[in-house]
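Notes follow once the structure below has been shown.
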Amino acid sequence: MSDTPTFLIVDDDETFTHVLSRALKRRGFEPLVANSAEQAGPLLSRQVPDYATLDLKMDGASGITLIPELIRLNPQIKILILTGYASISTAVEAIKLGAKDYLTKPADADEILAKLNHSEPDPNIDIAEKPMSVGRLEWEHIQKVLGEHDGNISATARALGMHRRTLQRKLVKRPVKE
């Protein structure tokens, strides 16, 4: 049994996983890499991680689907959702499921470890000076309705009163930056 903490990285960006795993290894972790939620299963049957970063949006299942299994295997695990498709609704769901925090890409090993090891919430967090833009509000609303319909594009499009293809085009775009 090794005293080296294990760190699961689940992300479909192979370059990112390679760079992050090398950086974590230099910082004393034993990285485990999977390029999809489906690839993570066999890794978890061999080794239970102490830390994990999970990509939200990948081909196949979302990384968020792994949270309950990771917590079942190790109730003390520290999980970070890492994504380029951030939204308030997915952040809330990830936290409800047991993720420690949520970080938007791009992020490096130091930012990831800082988020995972930060133990206390910060009541003095900076509050935005301006309200969200209309584009960002639209993105957040679409993500909320999509979550309410368990990711079903057709049901979400009907609920939003828009054509399914229009919704698909909006979902392919990155969220509006603030």
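In a Gaussian network model over the chain where Cα atoms closer than 10 Å are linked, find which of Lys100, Lys130, Lys144 has the largest mean-square fluctuation.
With Cα springs under 10 Å in the chain, the top fluctuation among Lys100, Lys130, Lys144 is at Lys130.
Using a basic spin-label model with each label point 7 Å from the Cα along Cα→Cβ, how many nm lie between Asp108 and Val172?
3.4 nm
Using only DSSP helix segments of four residues or longer, with each worth -39500 (n - 2.57), what per-residue ellipticity at 222 nm results for the chain after dividing by its residue count and rounding to 500?
Counting only the DSSP helices, I get -13500 deg cm²/dmol.
Give me the number: length gained by fully extending Asp59 to Thr4, i.e. 0.36 nm times residue separation minus the C-alpha to C-alpha distance, one decimal in nm.
16.7 nm
Cut-off 10 angstrom, C-alpha nodes, Gaussian network model of the chain. Which of Arg136, Arg22, Arg72 fluctuates the most?
Result for the chain, Cα springs under 10 Å: Arg72 fluctuates most.
What list of ³J(HN,Hα) values in whole Hz, one per residue of the stretch 40-49 in order, does the Karplus curve 6.51 cos²θ - 1.76 cosθ + 1.60 (θ = phi - 60°) give from phi, with Gly and Pro shown as x?
5, x, x, 5, 5, 6, 9, 8, 9, x
Averaged across orientations, what area in nm² does the convex hull of the alpha carbons in the stretch 40-124 project? Before the final figure, lay out the partial values.
Numbers: hull surface 24.2 nm².
It is 6.1 nm².
Over 28 Å apart: what share of the alpha carbon pairs of the chain falls there, rounded to a whole percent?
Cα-Cα pairs in the chain separated by more than 28 Å: 27 percent.
Amide H neighbours of Leu82 under 5 Å, at least 5 residues apart or on other chains, H built in the peptide plane: list them.
Sorted by chain and number, the residues that satisfy this are Leu54, Asp55, Leu56, Leu103.
Rank Pro75, Asn117, Ser154 by how far each Cα sits towards the positive end of the charge dipole of the chain (+1 on Lys, Arg Cβ; -1 on Asp, Glu Cβ) and give me just the farthest.
Result: Ser154, furthest along the dipole toward the positive end.
When the chain is fully extended, how far beyond the present Cα-Cα distance does His163 get from Ser133, taking 0.36 nm per residue of separation?
My answer for the length gained is 8.5 nm.
Mind checking the full-extension length gain between Asp150 and Ile71? Use 0.36 nm per residue of separation minus the Cα-Cα distance, one decimal, nm.
Working it through step by step, the gained length comes to 26.3 nm.
Which angle from 0 to 90°, rounded to the nearest 10, does the C-alpha axis of helix 134-148 make with the longest principal axis of the chain?
70 degrees
If amide hydrogens are placed 1.01 Å from N in the peptide plane, which non-local residues have theirs closer than 5 Å to the one on Leu8?
Leu32, Asp50, Tyr51, Ala52, Thr53
What ³J(HN,Hα) values, in whole Hz, does the Karplus curve 6.51 cos²θ - 1.76 cosθ + 1.60 give for the stretch 33-39 when θ = phi - 60°, with x put for Gly and Pro?
Calculated HN-Hα couplings, in order: 10, 9, 8, 7, 4, 5, 5 Hz.
Quick note: the coordinates plus some simple rules give every number you see, no bench work behind them. A quick note: this is a predicted structure, and the numbers were derived from the prediction, not measured. Positions of Cβ are generated from backbone atoms using ideal geometry, with glycine treated the same way; all protein chains shown enter the neighbour counts.
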